[in-house]
Amino acid sequence: MSFGDVPSVPVGEVPDLDESVILLDIREDDEWELGHAPGALHIRMVDVPARLDDIDIDAEVYVICRSGGRSVTVVEYLNGIGFEAVMVSGGMVAWQKSGLPLTAGPGVTAKIY
C-alpha cells in the first residue's frame, strides 16, 4: 500500500500529548477497549466528520488506527479541511511492538494483537 504524499511519522516520533498535540485514535469501539495509548482521543473513523468540534483545529493531530490503513484516509480528509494532521505509521500494532504505554478499562490487560 502506498501512502503517497500523506505526512507520516513512526510511533517513536509522536510527541508528548498536551493541549497542542492530539493523538486521534480512529479505531472501532471494541479495538479501543482492548487497549489504547494513554491520553488519546477516541473518535471512530466513521464519526470523524460529525465530531470535528471535538478536535482542536489549532493542535497537531496524529492519527492512529490498528496498522495504518485507515489513518491515511482520515489524515487526507482532515488536511483537506484545514487541520494539521499526520499519520502514525504502523498504528497501534507498531505502538505495542515498540513498548510504548498502553491502557485499557478496569480489570483489562491492554493488548493490541
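Worth pointing out:
- Filter result for the condition that a residue is touching a helix residue (DSSP H, G or I) at 6+ places or on another chain (Cβ under 8 Å), among the β-branched types (Val, Ile, Thr) and closer than 23 Å to LYS97 by Cβ, over VAL72, VAL48, VAL11, VAL21: VAL11
- Of the candidates VAL63, VAL75, the single residue that is under 17 Å from GLY39 (Cβ atoms), touching a residue at least 24 places away in the same chain (Cβ under 8 Å) and among the hydrophobic types (A, V, I, L, M, F, W, C) is VAL63.
- Being closer than 25 Å to ILE112 by Cα, in contact (Cβ under 8 Å) with a residue 60 or more places away in the chain and among the acidic types (Asp, Glu) holds for only one residue in ASP25, ASP18, and it is ASP25.
- Any hit, region 23-43, residues being of a type in the set (Val, Ile, Thr) and not in a loop (DSSP other than H, G, I, E, B): no
- Some residue of region 87-108 being of a type in the set (Lys, Arg) and outside any helix (DSSP H, G or I): no
Rundown of residues vs (1) surrounded by 15 or more Cβ atoms within 10 Å (Cβ to Cβ); (2) modelled with pLDDT under 95; (3) in contact with a strand residue (DSSP E or B) (Cβ under 9 Å, 6 or more places away or on another chain); (4) aromatic (Phe, Trp, Tyr), yes/no style:
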| residue | (1), (2), (3), (4) |
| --- | --- |
| GLY12 | no, no, no, no |
| LEU24 | yes, no, yes, no |
| LEU34 | yes, yes, no, no |
| ILE81 | no, no, no, no |
| GLU84 | no, no, yes, no |
| SER98 | no, no, yes, no |
| LEU102 | yes, no, yes, no |
| PRO106 | no, yes, no, no |
| ALA110 | yes, no, yes, no |
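The values are calculated or read from the model by the stated rules, or taken from the named source; none is laboratory data. Note that the structure is a prediction, hence the values are computed from the model and not measured. Neighbour counts are summed over all protein chains in view; Cβ atoms, including those assigned to glycine, are modelled from backbone coordinates with ideal geometry.
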